[in-house]
Every structure is written in C-alpha cells, then in structure tokens.
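Reading through the structure tokens given below for one structure.
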Amino acid sequence: MTDTPPDRLSINPSSPFFDGTLLERGVGIRFKGIEKNNVEEYCVSEGWVRVAAGNTRDRKGNPLTIKLSGPVEAYFRDIAADADASDA
C-alpha cells in the first residue's frame with residue numbers, strides 16, 4: 001500500500017468513493033488545521049469535507065450532511081502514530 005491517502009474518500013458503502021480497506025487502516029482528516037472526527041466524505045483537490053449535521057437523518061436513514069470548503073489534509077493514522085512514537 002502507498003503512504004498517501006486517496007484524493008477523495010467516503011465512509012458511505014453506496015458511494016463510488018468508498019474503500020473499506022483504507023478505512024480499516026485509519027484515515028485522519030485535518031480541516032483548516034483542526035482535527036476532524038465526524039467527516040463523512042472529503043476531497044483534497046477540490047478543498048471540501050462533508051460532515052454530519054447533528055443527529056438529523058433523511059428518509060432513508062442516512063445522516064444529513066453539510067459541505068464545508070477550505071484546506072483539507074488527509075493522512076494515515078498508523079503513520080502518524082509511528083512518527084509520534086519515534087519522536088519520543
């Protein structure tokens with residue numbers, strides 16, 4: 001596997017940008033320099049993330065999302081943890 005996350009990734013299995021093996025590995029997102037844990041989908045090249053809008057659901061039971069624009073940085077959590085361990 002490469003050490004670079006994909007440009008676009010979604011946690012929704014019905015999305016064409018879903019990749020279960022990458023999600024199991026653990027992808028972290030920094031949006032505008034802040035670590036986000038509630039990202040449903042992201043695109044680094046276009047500079048946006050989709051986050052859940054509270055606990056609101058649509059007719060099909062999926063969370064309603066809002067699209068936020070800004071600088072997005074994606075990284076693998078296992079690489080970040082290895083880097084932190086080597087710094088200590």
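Laboratory data are not the source of any read-out in this text; all were calculated from the coordinates shown. For clarity, every value in this text was computed on a predicted model and none was experimentally measured. Positions of Cβ are backbone-derived with ideal geometry, glycine not excepted, and every protein chain shown enters the neighbour counts.
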Exercise. Taking the Cα atoms only, what angle lies between the long axis of helix 77-87 and the longest principal axis of the chain, rounded to 10 degrees?
Worked result: 30 degrees
For this session: Grab the other residues whose beta carbon is less than 13 angstrom from that of residue 52, score K and R as +1, D and E as -1, and report the net.
Result: +1
For this session: Two decimals is fine: what is log10 I(q)/I(0) at q = 0.16, 0.20, 0.26 Å⁻¹ for the chain, from a Debye sum with one equal scatterer on every Cα and no solvent?
Result: -0.66, -0.98, -1.40
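Tell me, in nm to one decimal, what length is gained between residue 2 and residue 46 on full extension, where the rule is 0.36 nm per residue of separation less the Cα-Cα distance?
13.7 nm
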